[in-house]
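Have a look at the structure below before the remarks.
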Amino acid sequence: MIDWRRGGWTGSINRWVRREVTEQLRENPVARRARYGLAHSALRRFFGSGSFGRFIIVYAAVNLTAVVAEALGAWLIPAWLPSWSMSGSAPLSELKTLILYVSSYLLGAQIGVLGVISLSLALVTLIAQREGSATDVQVYYHESFSFELVASCVALAVVLCAQLLWPLQFLLHRLGLGTDLQIFKLSLLGVHLAWLLVNLAAVAYFIATTFRFVQQSARETLRERYTANVVLPRDLTQRLRDQLYSLATKNLIGDEEEDRGRPTATFGFDFGAPWSVEIETPFDRPVVLHDVRMTWVRWVLRRWSARCERAAGQQPAPALNGLGHQGPFIWFTCQMRGVLHGDVSWCRRRGGVPLTAFEKFVLRRAFIFRSSRDEE
């Protein structure tokens, strides 16, 4: 029996798998030896799978928070705001000019960093073309944070260019809601500086990885780390998700081989006509099944199974027909890595009683679909 409590109170397949994979890799001596260091893990956590758009969205949220804080501070607690940040008061009479100069210096440093990254990527591309090592280049891109670093650097450059004019703060002051204190701009300037320092740390790591990549012996170490930290966990995750999803057939309301008259459920298969559609969802764009909350599914299926058995007890037993399945049958056609598009009837039933509206509501929230591009 599968203990779905390992997947949290919802019985999430993904959470169950993450926990199992973590335990397996922790016990594997090879994986422990090739584990990423603290610096790499910290940078990986900051960059994640960040893209240019995500960095801009996060900064826009931070900037908007600063604008709202300035408006509320000027309205509710003006006396608590630091008076030393008033532009035009000694000794910081040129505070606005200082902020502008520092922003310009940060922008220049960021543009220079982008130039270094471009040269390094060009060098690696030439080496890869000469040696025909496309797989090694993929390893290099992942290990050096090349895509994430470029996205972060370009996003910061765009932010610094836009904030030379402070458009949201200007609009706030035009509406008469702001303050002459520069503390909020200084706070955002601190965010810019911290962001640049993280980018510089990532560039240092990027350059170190580039120098290691051009050495054949060090390239073997990069492959081993990539395999232990990316390929192996990804492969284990995919296999365990598929296995758990298919084994749920025997762990929710029973196995059809034990009693052919009992209600049963199956996941990831389509048994063809005849059937009654229980849940059909129109997907406007391609999606895949991302996760299933099995505790919720089990609750629905056991309710449905009990109602089927009560209804069967009030009717005469049907005659057996060869080896055909005689009990009520419900199945979910969607597979873990299968792409769905258009009108998809992913929950079907043969025999038994229909699902209630509330049971369908729970199932729609138990099966989590995401865009196929996000799952790549």
Practice prompt. Please go through segment 165-188 and pick out each residue that is touching a helix residue (DSSP H, G or I) at 6+ places or on another chain (Cβ under 6 Å) and among the hydrophobic types (A, V, I, L, M, F, W, C).
Written response: Leu168, Leu172, Leu177, Leu181, Ile183, Phe184, Leu188
Worksheet item: Within segment 18-67, how many residues turn out to be touching a residue at least 24 places away in the same chain (Cβ under 8 Å) and closer than 16 Å to Ala162 by Cα?
Response: 9
Worksheet item: Looking at segment 363-376, which of its residues are crowded, with 17+ Cβ neighbours inside 10 Å and either touching a Phe, Trp or Tyr at 6+ places or on another chain (Cβ under 6 Å) or farther than 18 Å from Phe267 by Cα (or both)?
Response: Ala366, Ser372
Worksheet item: Got a number for residues in segment 21-35 being within 27 Å of Leu244 (Cβ to Cβ) and either part of a helix (DSSP H, G or I) or under 21 Å from the mean Cα position of the chain (by Cα) (or both)?
Response: 10
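Checking the conditions here, which among Leu196, Leu240 is touching a helix residue (DSSP H, G or I) at 6+ places or on another chain (Cβ under 7 Å), over 25 Å from Arg26 (Cβ atoms) and either small (Gly, Ala, Ser) or surrounded by 16 or more Cβ atoms within 10 Å (Cβ to Cβ) (or both)? Even if it seems obvious, please write down each step before you answer.
Working: Leu240 fails: over 25 Å from Arg26 (Cβ atoms).
Only one candidate qualifies: Leu196.
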Worksheet item: Of the residues in segment 54-67, how many are surrounded by fewer than 14 Cβ atoms within 10 Å (Cβ to Cβ) and either touching a strand residue (DSSP E or B) at 6+ places or on another chain (Cβ under 9 Å) or modelled with pLDDT under 90 (or both)?
Response: 0
Practice prompt. Kindly indicate whether any position in segment 224-232 is at negative phi, over 29 Å from the mean Cα position of the chain (by Cα), aromatic (Phe, Trp, Tyr) and not assigned by TED's automatic domain parsing to the domain that holds Asp291.
Written response: no
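Table: residues versus (1) modelled with pLDDT of 80 or more; (2) in the same structural domain as Thr210 (by TED's automatic domain parsing); (3) under 23 Å from Thr210 (Cβ atoms).
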residue: Ala74; (1), (2), (3): no, yes, no
residue: Ile77; (1), (2), (3): no, yes, no
residue: Ser83; (1), (2), (3): no, yes, no
residue: Leu92; (1), (2), (3): no, yes, no
residue: Leu95; (1), (2), (3): no, yes, no
residue: Tyr105; (1), (2), (3): yes, yes, no
residue: Ala122; (1), (2), (3): no, yes, yes
Worksheet item: Would you say Phe361 is within 17 Å of Ile13 (Cα to Cα), among the aromatic types (Phe, Trp, Tyr) and either in the same structural domain as Val297 (by TED's automatic domain parsing) or modelled with pLDDT of 90 or more (or both)?
Response: no
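Could you look through segment 1-20, keep only residues that are β-branched (Val, Ile, Thr) and part of a helix (DSSP H, G or I), and pick out the one that is surrounded by the fewest Cβ atoms within 10 Å (Cβ to Cβ)?
Val17
Which of the residues that make up segment 138-196 are over 30 Å from Ala74 (Cβ atoms) and of a type in the set (A, V, I, L, M)?
Step one: of segment 138-196, the residues over 30 Å from Ala74 (Cβ atoms) are 138-154, 157.
The answer is Val139, Leu149, Val150, Ala151, Val154, Ala157.
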Practice prompt. Taking Phe213 as the residue in question, decide whether it is modelled with pLDDT of 85 or more, buried (at least 20 other Cβ atoms within 10 Å of the Cβ) and more than 30 Å from Val68 (Cβ to Cβ).
Written response: no
Worksheet item: Which of the residues spanning segment 9-24 are among the aliphatic types (A, V, I, L, M) and closer than 15 Å to Asp235 by Cα?
Response: Val17, Val21
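Identify, from the list Asp270, Asp291, the residue that is modelled with pLDDT of 90 or more and either more than 16 Å from Leu252 (Cα to Cα) or not in a helix (DSSP H, G or I) (or both).
Selected residue: Asp291, the only one of Asp270, Asp291 that is modelled with pLDDT of 90 or more and either more than 16 Å from Leu252 (Cα to Cα) or not in a helix (DSSP H, G or I) (or both).
The values are calculated or read from the model by the stated rules, or taken from the named source; none is laboratory data. These numbers come from a predicted model, not from an experiment. We place every Cβ from the backbone using ideal geometry, glycine too, and count neighbours over all the protein chains shown.
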